[in-house]
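To start, the structure under review is shown below, and the notes come after it.
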Amino acid sequence: MLWQKKNYILQKQDKTSGFTLIELLVAMATFSIIIAAVMEIFLAGLGGAQRVFGRQNIQESGRFILESISKEIRMSKVNTPDGGPYTTLSITNSKGQTLDYFFDDTAKRLERGGEYLSSGKVETTGSFYVQRVGEGQARVTVVLGLKNILKD
C-alpha cells in the first residue's frame, strides 16, 4: 500500500510539471500577434506625428513668407505693370532699393533680392497679380503654393 501511495505521488508530480509543446506554441503565437498589433498602433501614431509636424512646418513657412512680403509691399512702390500672373515682382522699398521677388520654379523656392526667403524644407511655388486703381498704391495678390518636401 505504501508503494502505491509513493507511485501515485510520483505520477502526479510528473503530470503537473512543465508545459506541453502545444501550450508553448499557442502562447508564442498569441504573444506574437499581440506584439504585432502593438507595433502597428505605435507606427501609425508615429506617422501621424510626422504628418502633423510637416503641416506645421508648411503653415509656419507660409505665414513667414506672406508677412515678410506684405510688410515690404505696403511700404514700397510696385514697379511691375498691371496684370499677371507674374513669377517676378519688382518693388522699390522705403530705402530706395529696387528688389525683385522671384518664384524659382527650378529650386521651388522664393527669392528676395537674390536670396532665398523660403525654407529648404518646403517647396514654394506661386505667382503675383498686380492691379492699380487710380493713383494709389497698387494692389498685389500673392498666390502661394507650399508643399512639404519630407514625406507625409
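Values in this text are rule-based calculations from the coordinates and carry no lab data. The structure presented is a predicted model; accordingly, all values stated were derived computationally and were not measured. Cβ atoms come from the backbone with ideal geometry, glycine included; neighbour counts cover every protein chain shown.
Shown here for segment 45-152: chymotrypsin sites (Phe, Trp or Tyr not before Pro) in loop regions (DSSP other than H, G, I, E, B) with at most 10 other Cβ atoms within 10 Å, of which there are none.
Within segment 20-148, the percentage of alpha carbon pairs spaced more than 25 angstrom apart rounds to 46%. For the chain, adding -39500 (n - 2.57) for each run of n ≥ 4 DSSP H residues and dividing by the number of residues yields -16500 deg cm²/dmol at 222 nm. Build a GNM of the chain with springs between Cα atoms under 10 Å apart, and of GLY113, GLY62, GLY54 the one that fluctuates most is GLY113.
If you line up the long axis of helix 2-16 against the longest principal axis of the chain, both from Cα atoms, how many degrees apart are they, to the nearest 10? The angle comes out at about 10 degrees. Applying a DSSP loop filter and a limit of 14 other Cβ atoms within 10 Å to the trypsin sites (Lys or Arg not before Pro) in segment 46-152 leaves LYS95, LYS121, ARG132, LYS151.
Distant-in-sequence amide contacts of GLY126, defined by a placed amide H-H separation under 5 Å and a gap of 5 or more residues or a different chain, comprise GLY145. Cα axis of helix 21-74 to longest principal axis of the chain: angle in degrees, 0 to 90, nearest 10? It works out to around 10 degrees. Taking θ as phi - 60° and the Karplus parameters 6.51, -1.76 and 1.60, the scalar couplings of segment 101-111 work out to 9, 9, 7, 7, 5, 6, 7, 6, 9, 9, 9 Hz in sequence order, x denoting glycine and proline. Each of ALA138, PHE31, VAL122 was placed along the dipole of the chain (beta-carbon charges, centred on the mean Cα), and the one lying farthest toward the positive end is PHE31. Net charge of the neighbourhood of LEU146, taken over other residues with C-beta under 12 Å away and scored Lys/Arg +1, Asp/Glu -1, is +4. Close Lys pairs in the chain, defined as Cα atoms under 15 Å apart and 8 or more places apart or on different chains, number 7.
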